[in-house]
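Following: one structure in structure tokens, then a few remarks.
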Amino acid sequence: MSLDLIIDRCHEFCGRELKDYRRTNHMLVPPPKLSYRAVMASRVPPDQNLLADLVERRIEAPDVEYKNFMPLTENVERAKIARHICALANAGGGWLVFGFEDDGVPSHPHPGDLAAYGQDAINGIGAKYLEPQPHCEVHRVTAASGLSYPVVRVPSHGAVPVCAKTDGPQDAKGRPQGINKGVHYVRAPGPQSVPIDSPELWREVLRRCVMTDRTSLLTSIGQLFDRPQPTADSAAPLLRQADWALERWTAAATAADADWPVAMAGNRVAFGFRLTDDAGDAPAPLPLTALDSALREASSASASMSRGGSGAFERGHSGESKPGVILAEGREAYAAQQTAKGKEYLLPAEWFVRDDGLGVEVAGMGEDNPWVTETLAQRRSRPWPPGERLAPSFQVDMTAERVAFVGALAGHFPDATRCELMVDYLGLAGRQIDETAVGAYFSIERSSRENGRRVVIEVGVAALTAELPEVVAALIGPIFRLYEWEVGADYVRKFLTGGRR
């Protein structure tokens, strides 16, 4: 299929009017659904009856793939699973059910321990073989027999189709087994997972791409059908600058007489990003005047997602909150900081963004804001002690604001196609998961044995806007797993579109 035909088909679909959704900036008004995922608004947590049907009776459908208890430690089997995940994602999402033979009979013997089929293991296969990586959710479903089976929920692709980025292991003749690099797979009658090699197979995939985010698709059409590059081996420049920013934060927090209820040096979140081209190199730097303009636009994009109307990498108009020029590893950068002062309830934060598309923001945790404690004291009887709570909604919102900032900023670096992202948490031990919403509670106390964790991922620039829930979940999901609480893409999507648990 020629690229011209692909572009013509995209323009055909883009000519259809799509409803625009915008978020409100009012903190107490639930926001409407967002445009970046309008077509996915109907997705809800999986129906328990459907999960039961998947294991109690074989469902013959293109979006369901049954496999026996294959050994996922073997590379050939992992490559085959990656192919099925790729095909299900490109078919609009579906289910991968382990523990059943081709005729629907449960596999014997049952392994008992299903740790090998956990969510981290399945997503690890996607991370190795697929780009963009679909972030799957794994559910353990207990059948009437009393035995449990892993049921994997594969999400739909976003503004770009999922492609194999790595060959499977070679056979004796040097041929890849299980999956082939550079190939897009989709589901076909059988059901089976096949390469997309005809206009008919591309048609529905393209339609979903455009409907998901037509703007993102058209601006990145040149990279949609290129073979994806392997993930960068090292995020060393980003991590060095993040460590430098954290040292500055710790030194300032220790010396400052801040009006904040907890020790800022030991209770903070760092977020970092680094834009790169396909080779993993920094994009061409922006002049300072252009960088200042780009930061203003990105801050505005972030603020449009904020329930409080401010957003990430916030810029003031005077004093230290007004961005000024510093040197970061010899590169020119804009930097600013915001201090906690009295009853202004400002979240302490410090950030910088370099002229070559690398930036870091370090901030206190919004859960520790005195305004939250005082407000909840008037609305409910359960206390909200500073330094002792971690709210999924707070972290989803703040991470989404930061990713939205990077997505808008990336548009000012024409040769940026990839992005490294990092979160670094400190002060997790001693906190329990809780929510501020009236009536929200957790049936058991969930706490972390670890005090901190750093997560680093790499995504395509288009995913920063088109796959925002998936990117947010990839960043903060590992943080909440320390509390034995799963935060996946659907969970994030529910929060961003106004839902609360």
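Listing for the model above:
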{"read-out": "Simple spin-label estimate for ARG203 and ARG140 in nanometres, 7 Å along Cα-Cβ", "value": "4.4"}
{"read-out": "Those GluC sites (Glu not before Pro) in the stretch 46-82 that DSSP places in a loop and that have at most 16 other beta carbons within 10 Å", "value": "GLU60, GLU74"}
{"read-out": "Extension gain from ASN68 to ALA115, taking 0.36 nm per residue of separation minus the Cα-Cα distance", "value": "15.4 nm"}
{"read-out": "Top positive-direction residue, dipole computed over the stretch 373-435 with Cβ charges, set LEU390, PHE405, TYR425", "value": "LEU390"}
{"read-out": "Unit charges on C-beta of K, R, D, E only; dipole of the stretch 70-111, Debye", "value": "240"}
{"read-out": "Contour excess over end-to-end distance, with Cα ends at ASP53 and ARG382 and 0.36 nm allotted per residue", "value": "114.4 nm"}
{"read-out": "3J(HN,Hα) from dihedral phi, the stretch 445-452, Karplus parametrisation 6.51/-1.76/1.60, rounded to Hz, x for glycine, proline", "value": "6, 10, 10, 10, 8, 9, 8, x"}
{"read-out": "Relative packing of peptides 286-292, 85-91, 141-147 - highest average C-beta neighbours within 10 Å first", "value": "85-91, 286-292, 141-147"}
{"read-out": "Anisotropy class of the stretch 389-501 from Cα gyration tensor, a/c 1.5 cut", "value": "prolate"}
{"read-out": "Nearest-0.05 FRET efficiency for ASN451 and ASP278, computed from C-beta distance (R0 60 Å)", "value": "0.95"}
{"read-out": "Residue pairs, from the table LYS128/LYS494; LYS67/LYS173; LYS80/LYS173; LYS128/LYS173; LYS80/LYS494, whose Cα atoms sit over 21 Å apart", "value": "LYS128/LYS494; LYS67/LYS173; LYS128/LYS173; LYS80/LYS494"}
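Coordinate-derived values only; no laboratory data. None of these values were measured; they are calculated from a predicted model. Note: ideal-geometry Cβ built from the backbone for every residue, glycine included; neighbour counts use all protein chains shown.
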